[in-house]
Amino acid sequence: MQVTETLSDGLKRAFTVVLPAADIENRRTARLTDLGKTLKLPGFRPGKVPLPVVRQRYGSAVTAEVLEQSVSDATRQVLSDRGLRAALQPKVDLVSADPAKDLEFSVQVELLPDIAVPDFSAIELTRLKAEATAEAVDEALGRIAQRNRELIDVTAEDLGERGAEKGEMVTVDYVGRVDGAEFPGGQGADVSVEVAGPGFIPGFSEQLEGIRPGEQRTMTVTFPENYGTATLAGKEAQFDATAKRIQRAVVPAIDDELAKKIGFDSLDELRDLVRNQIQREYDQLSRLRLKRQLLDRLNDVVSFASPDGMVEAEFSQIWARLESDRKEGRLDEDDKAKDDATLRSEYRAIAERRVRLGLLLAEIGRVNSISVGTDEMTRAMRNEALRYPGQEAQVMDFFRKNPGAAETLRGPLFEDKVVDFVLELTKIVDQTVSPAELASEDGDAVGGESQAGAAGEPAAEVGSGSAAETTGG
């Protein structure tokens with residue numbers, strides 16, 4: 001094999017590779033010979049098909065297979081012999097593929113940068129911690145009681161001269177029209193609506209205030225501009241609604257009876273569970289804030305060039321999400337005022353940061369032999385399946401049949417393991433704060449964490465996971 005380096009510019013390399021025709025022919029003959037040992041053709045004993053016959057029937061297919069394999073093997077050898085690590089799949093172009101001549105092809109590749117792992121003991125972090133207060137527990141119990149409320153009819157005697165009041169439930173039949181014509185989904189029967197409550201087109205439930213059983217009202221409302229049905233978005237509609245009955249909610253007392261109703265032995269047991277759930281949520285948020293802070297510190301102390309191809313791939317994903325948000329009317333208010341040139345510049349910087357952090361975490365994992373085991377992957381798949389109640393078996397079966405889908409879980413697992421490893425080596429000072437301060441997005445609360453995010457995603461994310469999958473895990 002003859003190799004000539006044609007480009008060495010930063011992380012970019014290019015080579016011209018020539019494989020002798022004799023080597024290709026030897027590989028082709030060996031493959032045809034092996035194939036002949038397994039063939040069953042009319043007129044020949046199994047495995048005894050002569051080589052000329054095999055070559056005549058399968059020569060073209062075997063030639064293509066041998067060329068592809070030869071190029072792949074040679075490319076790997078070129079990189080291995082020089083101690084190079086590719087950031088992305090090398091680009092290969094055939095120069096000459098004539099079976100009678102030497103095989104010549106070119107290889108273009110971007111390399112992973114040399115990364116100096118920083119001294120983690122020099123990194124100081126502040127971990128915000130909050131405790132589940134009695135007030136927070138009481139509020140959560142209040143929401144549980146609300147969810148277990150009972151509706152009782154408001155009788156004519158109870159109503160007297162009044163109609164439905166805010167917070168009461170009105171059962172209605174309705175028909176909606178736009179420009180005088182009924183539209184799909186605009187009809188309902190025996191629908192329970194909370195007066196001035198959420199869940200319907202703005203203005204619908206508010207206009208039910210004061211209505212009485214048997215009364216009919218025509219209400220005019222306007223569909224939101226971002227309504228899910230494009231043909232109705234921003235349109236004015238009229239609804240003819242007839243009230244059938246009025247109910248009010250009776251919220252149960254927060255006591256042992258409520259606890260037993262939802263499967264607990266006592267209120268104390270329910271209270272303990274609620275407190276523990278709240279504390280877990282606080283602890284998870286605390287870790288997220290600490291992780292964001294760590295990534296900002298790491299971003300500050302490392303400096304190396306990132307492969308252009310990886311940055312471009314990350315930026316393309318970010319930009320695609322931004323374009324989707326813009327199309328759906330979900331673009332951030334700050335971004336709406338910026339032109340595309342400004343947005344591209346800002347989000348490319350975010351892409352560069354994400355790739356850089358992803359490569360750094362991958363290198364930390366590599367040099368410290370951090371990996372994701374089979375058991376961890378199985379647990380991750382099971383946890384993912386639990387997100388789809390009643391479909392757990394189908395989700396697990398999907399992962400088994402689609403290994404690529406399961407692999408998407410590896411990147412986040414690997415990232416978290418590396419982050420935990422680094423946190424063990426940093427200096428962490430705990431700071432007790434209120435739950436509101438813990439949930440605040442004010443970066444000063446954690447020593448100036450980065451507010452850079454893309455398309456509404458957390459600043460802590462380090463990208464699509466391609467860096468970790470390329471060099472770690």
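The values are calculated or read from the model by the stated rules, or taken from the named source; none is laboratory data. Remember, it's a predicted structure, so these values are computed and weren't measured experimentally. Here Cβ is always computed from backbone atoms with ideal geometry, including for glycine, and neighbour counts include all displayed protein chains.
Quick one: is residue 95 in contact with an Asp or Glu (Cβ under 7 Å, 6 or more places away or on another chain) and either surrounded by 16 or more Cβ atoms within 10 Å (Cβ to Cβ) or not in a helix (DSSP H, G or I) (or both)? So residue 95 passes the test. For region 206-239: of the residues being of a type in the set (Val, Ile, Thr) and part of a loop (DSSP other than H, G, I, E, B), which is surrounded by the most Cβ atoms within 10 Å (Cβ to Cβ)? The extreme case among them is 211. Please verify whether residue 119 is of a type in the set (D, E, K, R) and under 40 Å from the mean Cα position of the chain (by Cα), treating the condition exactly as stated. For residue 119, the condition - of a type in the set (D, E, K, R) and under 40 Å from the mean Cα position of the chain (by Cα) - is met. Checking the stated criteria, residue 279 turns out to be within 16 Å of residue 128 (Cβ to Cβ) and touching an Asp or Glu at 6+ places or on another chain (Cβ under 9 Å).
In this structure, residue 264 qualifies as without any contact (Cβ under 8 Å) to a residue 40 or more places away in the chain, among the aromatic types (Phe, Trp, Tyr) and buried (at least 16 other Cβ atoms within 10 Å of the Cβ). Any residue at all in region 172-187 that is in contact with a helix residue (DSSP H, G or I) (Cβ under 6 Å, 6 or more places away or on another chain) and surrounded by 12 or more Cβ atoms within 10 Å (Cβ to Cβ)? Checking region 172-187: not a single residue is in contact with a helix residue (DSSP H, G or I) (Cβ under 6 Å, 6 or more places away or on another chain) and surrounded by 12 or more Cβ atoms within 10 Å (Cβ to Cβ). What residue, among those in region 98-116 that are among the aliphatic types (A, V, I, L, M) and exposed (fewer than 14 other Cβ atoms within 10 Å of the Cβ), is nearest to residue 312 (Cα to Cα)? This residue is 116. With respect to being at pLDDT 90 or above, surrounded by fewer than 14 Cβ atoms within 10 Å (Cβ to Cβ) and farther than 30 Å from residue 323 by Cβ, residue 426 falls outside the description.
Of all residues in region 71-92, those satisfying the criterion of being surrounded by 14 or more Cβ atoms within 10 Å (Cβ to Cβ) and either part of a strand (DSSP E or B) or without any contact (Cβ under 8 Å) to a residue 24 or more places away in the chain (or both) are 86, 90, 92. On the basis of being farther than 30 Å from residue 114 by Cβ, in contact with a helix residue (DSSP H, G or I) (Cβ under 8 Å, 6 or more places away or on another chain) and of a type in the set (A, V, I, L, M, F, W, C), does residue 94 make the cut? Taking the combined requirement at face value, the residue satisfies it. When you look at residue 404, is it more than 25 Å from residue 129 (Cα to Cα), modelled with pLDDT under 90, touching a helix residue (DSSP H, G or I) at 6+ places or on another chain (Cβ under 9 Å) and of a type outside the set (Lys, Arg), yes or no? Here the answer is no, as residue 404 does not meet what is asked. All of (1) surrounded by 16 or more Cβ atoms within 10 Å (Cβ to Cβ); (2) assigned to a helix (DSSP H, G or I) hold for residue 121 with one exception: (1).
This table checks each residue for (1) touching a Phe, Trp or Tyr at 6+ places or on another chain (Cβ under 8 Å); (2) modelled with pLDDT of 95 or more; (3) within 30 Å of residue 313 (Cβ to Cβ).
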site	(1), (2), (3)
27	no, no, no
32	yes, no, no
37	no, no, no
45	no, no, no
53	yes, no, no
56	no, no, no
61	no, no, no
93	yes, no, yes
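Is it the case that some residue within region 183-203 is under 30 Å from residue 263 (Cβ atoms), among the acidic types (Asp, Glu) and assigned to a helix (DSSP H, G or I)? No, there is no match, as no residue in region 183-203 is under 30 Å from residue 263 (Cβ atoms), among the acidic types (Asp, Glu) and assigned to a helix (DSSP H, G or I). If you go through region 246-292 and keep only what is in a helix (DSSP H, G or I) and of a type in the set (A, V, I, L, M), you end up with 258, 259, 267, 270, 273, 274, 278, 285, 288, 290.
Number of residues in region 353-369 that are surrounded by fewer than 18 Cβ atoms within 10 Å (Cβ to Cβ) and either under 19 Å from the mean Cα position of the chain (by Cα) or touching a residue at least 24 places away in the same chain (Cβ under 8 Å) (or both) equals 2.
Just to be sure, is residue 124 closer than 30 Å to residue 303 by Cα, touching a strand residue (DSSP E or B) at 6+ places or on another chain (Cβ under 6 Å) and of a type in the set (Asp, Glu)? It is true that residue 124 is closer than 30 Å to residue 303 by Cα, touching a strand residue (DSSP E or B) at 6+ places or on another chain (Cβ under 6 Å) and of a type in the set (Asp, Glu). Residues that are over 30 Å from residue 270 (Cα atoms), at pLDDT 90 or above and assigned to a loop (DSSP other than H, G, I, E, B): does region 166-175 have at least one? Yes, some residue in region 166-175 is over 30 Å from residue 270 (Cα atoms), at pLDDT 90 or above and assigned to a loop (DSSP other than H, G, I, E, B). In region 99-109, the condition of being polar (S, T, N, Q) and in a helix (DSSP H, G or I) is met by no residue. Quick check: anything in region 377-391 part of a helix (DSSP H, G or I), of a type in the set (A, V, I, L, M, F, W, C) and buried (at least 20 other Cβ atoms within 10 Å of the Cβ)? No, region 377-391 contains no residue that is part of a helix (DSSP H, G or I), of a type in the set (A, V, I, L, M, F, W, C) and buried (at least 20 other Cβ atoms within 10 Å of the Cβ).
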